[in-house]
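Written below as structure tokens is the structure these notes are about.
Every number in this text was worked out from the coordinates using simple rules, so none of it is lab data. If you're wondering where the values come from, they're calculated on a predicted model, not measured in any experiment. FYI the Cβ positions are ideal-geometry reconstructions off the backbone, even for glycines, and counts take in every protein chain you see.
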Amino acid sequence: MDGQSMPAAQGIEGALDRTPAHSARGTYLEVVHSWIVTVDHKKLGILYIAYALVFLLVAGVEAMLIRIQLIRPHNDFVSPFTFNRLFTMHGTTMVFLVGMPILFGFGNYLVPLMIGARDMAFPRLNAFSFWIAAFGGLLLYYSFIGGVGLAGTGSAPDVAWFAYAPLTEKAFSPGHTVDYWAVALLASGIGSIGTAINILATVFCMRCKGMTLLRIPLLPWLYATTSFLVLVAVSPLTACQAMLLIDRYLGGHFFDTQAGGSAILWAHFFWIFGHPEVYVLVLPAFAFANEIIPVFSRKAIFGYPAMVAASVGIGFISLGVWAHHMFTIGLTSFGNAFFTLSTMLVSIPTGIKTFNWLATLWGGKIRFETPMLFSVAFLFQWVIAGLTGIMLSVSAWNWQLHNSYFVVAHFHYVLVGAIVFMIFAALYYWYPKMTGRMLDERLGKWHFWLMVIGFHMTFDFMHFPGLLGMPRQIYTYEPDRGWNTLNFIVSIGGFIQAIAILIFVYNLVHSYFRGEEAGPDPWDAWTLEWATSSPPPSYNFATDPQVASRRPLWDLKHPEDPDSAFE
Amino acid sequence: MRSRPKSSSPLCRFSAAVFAFCATCAHASLPTSIFAPHSTPASEENKLSYFVLAISALIFLGVSSLLVYALLRYRARPNDDTEPPQVFGSLQIELSWTIIPILIIVVLFLGTARVLFSVQDAPKPPSALDVVVIGHQFWWEFRYPQYNVVAANELHLPVSTRSAPRPAYMKLTSADVVHSFWVPQLGGKTDLLPNRVNEMWTDPQQTGMYVGQCAQFCGPQHAKMLLRVYVDTPEDFQKWISGQQRMQAELGQARASLVSQPDAGSSNPAVPPHAPATHAAPAAQSGDASDAIDARNGQLVFEQQACINCHTINGTIANGRYGPDLTHLMSRATLAAGAAENTPGNLQAWIADPSAFKPGCLMPAMHLSDRQNAQITAYLLTLK
């Protein structure tokens, strides 16, 4: 074949079996059974994503109820007990049942495809991780039926997502909702650790021929970093959940201040997990941007080695910044200064990444399809989120900002403005690969613009009540503080986002049946997942691919100017 | 689809943000704005915030204009299917955007460290006022060890001028869960942790009333754990202090004659002697006069109920520590940590059913008759 004359592309030609995979149709029960017993990384990836999208809707409903309650002062739409449950469950759900699973879902689906492997390193561990994490999520929500919260008032955890001790101790939370919370997080933590081990092993041991460490696409690189962070950060979370349960049932006194325990100990344990967790969530979002921005700019990523170094650097630095959540807890001035500096240092690698994305756009021919629209919005929002992050790292100012709505606005800028926007971008970008059909571009534009408008109404304006002294996690507020109009705008923005997401859900379902056929490579992209059919066959590649550069499909499409000539 | 989809929105967005920010600053008169400082720590934090905001605004302007330019300039033109030149990186450029941020961070860090150390490690002057702040679910206890005064929910501080500095040095702790003391115009917040003492100071420079609230989620009524600070002239503060002190002895003597129990005022009345014989017991004892709605009968009901297990009224057998000290209840403008104005009507309604004001608060409804509630109210109204 003529691939012989193109040494750079030689390895991929054989892998190019682009007939779409038609999974065998069976009875309804057989199909369900095949999804339950599957160890295929692609099916598990889709399961993760579907599971996370369901909980995204649930947590979204919780957010809407919160915003209805806060739309005006002294509102009594929900009781304080219900409100406390709503924000606790909203936070816990979004972090543990939406953020982590959906990112692991994409990791599961994409990492083996992008490194030219046929599956993850440990397929059965992969299935186990998913099902135990799913069990954790169901357990958490079962608490609505099975638990009793603060003041014996029934149902679902109500201690805030960081669950500061000693509020979670038996004396203050006598029911079982804290137990559901702790055990659910223990279970999903086990799943996360399993998946992290799996991704690390896959990235480092399963790469196809020719894919040296510096030829791995950035997405698997960032997933490896994230997985490393999960291994280091989820362990303290698991430990402190175990300690909390020991306190509650076996007479331990780790956090039981009435018996000499320490409230600060919990805060340290939780934030040693909690801060790296932010990077666990945001690094995959960066990973999506690293794949999508170059393809839609029609240029290679700018400064690949610096991007890898910056990502790994973020991973390491983020392990040393946790106490910036604790500037008001009574650290010494030296401690506050240390964590101010370490937190500010994170902005150097993240700055490098931002500028490299900018340089990737520079000189390109930018196409603004929906995945790129979301990515561009992500870039703007990420810059703002980073700057408010720097403001919060200024410990002396943080004494004012901490636990105010400014913080809520900041982390929603990160979690929604960066992470959720990139998840949408990724869904628009890889949905064709997963289903063989394109998402509707017109609905995508509606989704995008409503989302942008709603997002900025909500989260831009949410900064200001914080600057005006509004603390977070309050079920109502006084009318004379100047927060009324701002909260009204924030709530309206929230409802607009909800409409945008409903359009998106409709798009997901509609396009699955009616979408335009995607073909193997609808975006004219360069990484290996586009070398196989959409959806890919269970074995991914008919023969093992072989690569000579970071962009094997570029080499294939541009034999006159292959990347491999420059690496 | 390629017609400038993001072109104008960042600029609009930025100007909207600037406008909103100016609006915020213009409203600095709002009671809890962090941009209207009235003490040294708050002013230092405020100045630092402007410095950081200015640097951030410059960075944002720079980065976002580059981004907007790139999106406009390098958007794909119709009918152009060629690929642009592939550029893989540039060491010089990448070094520059590594080193410049490092320099910015050095500046930001030094600016922060100056304020951080000067505020947090400020030496305590001999003229300082000591205050102990104790957080409770869901109210505040204030103790003035130099004056032997205990107050609740409304903190009184003397004004601290340059010529006569009188900063308040607060030791903060908690009786139950974690709380956080935050009065934005007097300074940043500090957490109150059980089993630990934190410190903060403030030197309010202008008399007036400042408000704030608990800033660490502490349970169902976190939202209504409000906080007031009255900053008085030195004379008014002294008057307030001596009011709080003088009344103790006076009330003690005045009440000793009223109280039915022989051991009134003793230090160990942990169990109310007549606890079981609560409802309408006074009425049964003697005729109409003994059931009148007056302070004397109110005190009897108060002392025969569990009220005294949680509340202190100096000079009587009531010496509980679980709820706020009521010795000078009527010197406070609000009830229930700011949840309601301190009016006779609210007071009686609060006693009848506290959870109508603060669902989930720890004071139970005692299920007394309306008459008994009115009697207790009449008694509490005398606690000036």
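When both the stretch A:58-76 and the stretch A:507-567 are represented by their alpha-carbon centers, they are found 44 Å apart. Using 0.36 nm per residue and subtracting the Cα-Cα separation, the extra length available between residue A:480 and residue A:514 on full extension is 6.9 nm. With contacts taken as Cα pairs under 8 Å and at least 6 residues apart, the stretch B:129-232 reaches a relative contact order of 31 percent. Grab the beta carbon distance between residue B:382 and residue B:233, set R0 = 35 Å, and tell me the FRET efficiency rounded to 0.05. That pair, residue B:382 with residue B:233, gives E of 0.80.
Straight Cα distances below 16 angstrom link residue B:239 to the aspartates and glutamates B:154, B:250, with same-chain residues fewer than 8 positions distant left out. Along the stretch B:357-371 the Karplus relation, 6.51 cos²θ - 1.76 cosθ + 1.60 evaluated at θ = phi - 60°, assigns HN-Hα couplings of 8, 9, x, x, 6, 8, 7, x, 6, 8, 6, 8, 6, 4, 5 Hz to successive residues, with x for each Gly and Pro. Each of residue B:57 and residue A:212 was given a label point 7 Å from its Cα along the Cα-to-Cβ line. The distance between the two points is 4.9 nm.
Near residue A:437, the amide H atoms lying under 5 Å from its own belong to A:518; only residues 5 or more places off or on other chains count, and H is placed 1.01 Å from N. Couplings 3J(HN,Hα) of the stretch A:69-86, computed from phi: 4, 8, 5, 9, x, 6, 6, 10, 4, 10, 6, x, 5, 4, 4, 5, 5, 4 Hz, in residue order, whole Hz [Karplus 6.51 cos²θ - 1.76 cosθ + 1.60, θ = phi - 60°; x for Gly and Pro]. With both labels modelled 7 Å from their Cα along Cα-to-Cβ, the residue A:144 to residue B:87 distance reads 5.2 nm.
Loop-resident trypsin sites (Lys or Arg not before Pro) (DSSP state other than H, G, I, E or B) in the stretch A:417-462 with no more than 13 further Cβ atoms inside 10 Å of their Cβ are absent. Other residues within the sphere of radius under 9 Å centred on the Cβ of residue B:212, judged by their own Cβ, net out at +2 (K and R +1, D and E -1).
Sorted fewest first by neighbouring Cβ atoms within 10 angstrom, B:330, B:225, B:363 come out as B:330, B:363, B:225.
Which chymotrypsin sites (Phe, Trp or Tyr not before Pro) in the stretch B:308-384 sit in a loop by DSSP (not H, G, I, E or B) and have at most 16 other Cβ atoms within 10 Å of their own Cβ?
Filter output for the stretch B:308-384: B:322.
When B:63, A:280, A:346 are sorted by how many other C-beta atoms sit within 10 angstrom of their C-beta, beginning with the fewest, the order is B:63, A:346, A:280.
As a length-normalised measure over Cα pairs under 8 Å and 6 or more apart, the relative contact order of the stretch A:37-565 settles at 16 percent.
For A:311, A:34, which order do you get if you count the other beta carbons within 10 Å of each Cβ and list the fewest first?
Sorted ascending by nearby Cβ count, the order is A:34, A:311.
Counting, for every residue in A:341-349, the Cβ atoms of other protein chains within 10 Å of its Cβ and taking the mean gives 4.
Work through the residues other than residue A:251 whose Cβ is under 14 Å from its Cβ and net out their charges, Lys, Arg +1 and Asp, Glu -1. Once positives and negatives cancel, what remains is -1.
Sparse packing (at most 14 other Cβ atoms within 10 Å of the Cβ) combined with a DSSP loop state is found for the following GluC sites (Glu not before Pro) in the stretch A:489-544: A:516. Each residue of the stretch B:156-173 was assigned a 3J(HN,Hα) from its phi angle through the Karplus expression (A = 6.51, B = -1.76, C = 1.60, θ = phi - 60°), giving 9, 10, x, 5, 10, 9, 4, 6, 10, x, 9, x, 9, 9, 9, 9, 10, 8 Hz with x at Gly and Pro. Taking a straight line from the alpha carbon of residue B:124, these lysines sit under 23 Å away, with near neighbours fewer than eight places off in the same chain left out: B:47, B:171, B:189.
Building the convex hull from the alpha-carbon atoms of the protein assembly as shown and averaging its projection over directions returns 40.5 nm².
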